[in-house]
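Undergrad: Please find one structure pasted underneath; my questions will follow.
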Amino acid sequence: MTAVDQVRGTDSHTPVTAPPKRRRIGSVEVLAAVLIALLLFRQPLASVLSTPRLQTWTTVFVSVMVQATPFLVFGVALSAVIAVFVPRSFWAKALPKHPALAVPVASCAGVILPGCECGSVPIAGSLIRRGVTPAAALAFLLAAPAINPIVLTATAVAFPNNPEMVVARGVASVIVAMLMGWLWLRLGKAEWIRLPHRPELDDLSRWRAFWAACRHDIVHAGGFLVLGAMAAATINVLVPESVLQRVADQPVLAVIALAGLAVLLSICSEADAFVAASLSQFSLTARLAFLVVGPMVDLKLISMQAGVFGRRFALRFAPATFVTAVVVAAGIGWVLL
């Protein structure tokens, strides 16, 4: 034995036994604990769940989720198809060479090649990387989640007695997208944008990239949908009707309040119409502001834009988009609604 072995008290050929690994608590154990807790406390839980307010909360939450989930799933799948199977070089060839003309074309392209806002950010970054002028890519980023057929169909389903909401949402969203694209041409600087890279769309085979994009978007968008449905149900139950009515009775305050709520809730555009429809105390114009602002400016989009394009971009682009969206929504609502 060597001196080191003598100090350790082991032979040099004796294998060293690794310390036993600690078993971590996994999802199965957590689920089992939850089920046991439900069995033990089923009587108190039953009495709590039978209260009228909680029943109202559950009804609103379930109705929003049931109506919105099919549109969310279909929208995420379609967004993944566009991100993976539509050649990104198509845009550079299809858009006009002049940046000012490319902006309105890119804004209206969301009808043909839609996508939810979760997918529009990396897609817009890829378009810039492929040579599309940033103003046109940003116009597409804002318009595609708001004017695509899935979102407009969901809006029509959520507002069956107000078909003018579909027209107002589409017109207002396109106007905001074009104004922001032209504003970027006028005031934007190239150094504010940091070009993105999304490995699951670039480095995998097409079908693997498709499923990776679906998983990514459904986890993010679905989580925010649940939070949005919970918030809508909570507002309907906890906030006194008199408070909501006082806010709703003041047109300017109602528009600003629902626009700010859209930023906080961060609901996917395929599902936000059902949440807006549940806020029946507010005017159609205020709810239009909710629908126009949400797909363009919310907390998750601001964080995604900061991560993809950089903080300098997000700190300038998001506030300007919010103000533009609120003003345009109020104007279109006053004219059409």
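No lab work stands behind these numbers, since they all come straight from the coordinates. What you are looking at is a predicted structure, and each value in this text was computed from that prediction instead of being measured. We place every Cβ from the backbone using ideal geometry, glycine too, and count neighbours over all the protein chains shown.
Undergrad: Karplus couplings for the range 276-281 from phi (6.51 cos²θ - 1.76 cosθ + 1.60, θ = phi - 60°), rounded to Hz, Gly and Pro as x?
TA: Listing the rounded values in order: 4, 5, 6, 8, 6, 5 Hz.
Undergrad: Follow-up. What does the charge count around Met65 come to, taking other residues whose C-beta lies under 14 Å from its C-beta (Lys +1, Arg +1, Asp -1, Glu -1)?
TA: On the way: positive: none; negative: Glu270, Asp272.
Once all neighbours under 14 Å are counted, the net charge is -2.
Undergrad: So how do 289-301, 247-259 stack up, highest first, on mean other-Cβ count within 10 Å? List each step's numbers first, then the result.
TA: On the way: 289-301: 26.5, 247-259: 17.6.
The packing order, highest mean first, is 289-301, 247-259.
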